[in-house]
Amino acid sequence: RQTAPVIRRRVWLLFSLVFFAQFALGLAGQSAFSMSGEPHIPVPGVIIGGALYRGQPGFMVALFTLSVLTAGAAWCSHLCYFGSWDQLAASRTRPTPHPHPFRLRALSLLATCACALLLRACGAPSAPAVAGGLLLGISLVPAALLFSRRRGYAVYCTMICPLGILACLLGRLSPWRVRRTSTCAQCGACLRACRYGALDRLREGREPGPSCVLCRDCLSACAHNGLCLRWAGKGGNGLAERAFVVIVSALHAVFLFTAMA
């Protein structure tokens, strides 16, 4: 359990590297690596904005929805290919208090949807629209990584990404939850381990907030086994967490092998 956070970050980073390698091959003309044979832009904002601009959900939206309904908000802590780099940068520094995990992402989501609908209403051609979204998404990453390293929490994931807030909200439909146990000593170790704004001094001794992405780093930080992962309230003896790891690993395989359709 103590090594779980390091293993998660390493596996997640490896998944991201393979994903982007396949994406590069697809852009290079290898259609076998292009998500059902068609080019795709895996920038989180483009996934949402592109669906609204086209007027149809598209393949990436379906893949996102499937993963969130299956593994909850773990999209943001295990499956997002951008999030792995943000988490890597944040892990270099001790976490500082998070200002607010929802407010700025809500504005980002509204802005993304508004821009996409406006471009659609104006009849803007797809090439400039996609290029603009891609440029914006990529340009935000270096800035977020810089701030993540300074602040110790995932700035891009928790304050910018419009897809992240949807993952947290839709993830509430999933039965996966991190819960307190009777052995919780309110020592505050879990608060210091959370990099997603789900645990702070206001929630000491309480359940993680709605921005919890099931990274489970708080479980590893607690020396009293004061937290556990449950599925529909069951599996607190570790069974639920083992099942969760299997499901997330399977989703890694689904993502990568789907890109080779």
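A few points about this structure:
- Cα gyration tensor shape for segment 136-260, rounded if a/c is under 1.5, else prolate or oblate: oblate
- Inverse of mean 1/r across different Cα pairs in segment 54-161, Kirkwood, Å: 15.3 Å
- Computed with a 1.4 Å probe over protein heavy atoms only, the accessible surface of segment 1-114 comes to 47 Å² per residue.
- Per-residue [θ]222 nm for the chain (sum of -39500 (n - 2.57) over DSSP H runs n ≥ 4, rounded to 500): -17500 deg cm²/dmol
- Derived scalar couplings ³J(HN,Hα) [segment 175-188; Karplus, 6.51 cos²θ - 1.76 cosθ + 1.60; whole Hz; x for Gly, Pro]: x, 6, 8, 8, 10, 6, 10, 5, 8, 4, 9, 6, 7, x
- Judged by the ratio a/c of the largest to the smallest principal axis of the C-alpha gyration tensor, segment 1-101 counts as prolate, that ratio being 1.5 or greater while a/b is larger than b/c.
- In this structure Leu166 has an accessible area near 50 Å², from a 1.4 Å probe over the protein heavy atoms.
- As a fraction of the 1.4 Å probe accessible area of segment 154-204, surface on carbon and sulfur atoms comes out at 56 percent.
- Amide H contacts of Leu227 (H built 1.01 Å from N, in plane; Pro and chain starts excluded): Thr181 sit under 5 Å, all sequence-distant by 5 or more or on other chains.
- Using only side-chain charges placed at the Cβ, +1 for Lys and Arg and -1 for Asp and Glu, the dipole size of the chain relative to its Cα centre rounds to 880 debye.
- Rounded if a/c under 1.5, otherwise prolate or oblate - segment 193-232, Cα gyration tensor axes: rounded
- Mean Kyte hydropathy of 1.6 or more with a Cα span along the axis of at least 27 Å, helices from DSSP in the chain: 239-258
The values are calculated or read from the model by the stated rules, or taken from the named source; none is laboratory data. No experiment lies behind these values; they were computed from the predicted model shown. Virtual Cβ from ideal backbone geometry, glycine too; neighbours counted across all protein chains shown. To get the accessible areas, we keep the full protein, side chains included, count just its heavy atoms, and leave off ligands, DNA and RNA. Shrake-Rupley method; radii C 1.70, N 1.55, O 1.52, S 1.80 Å.
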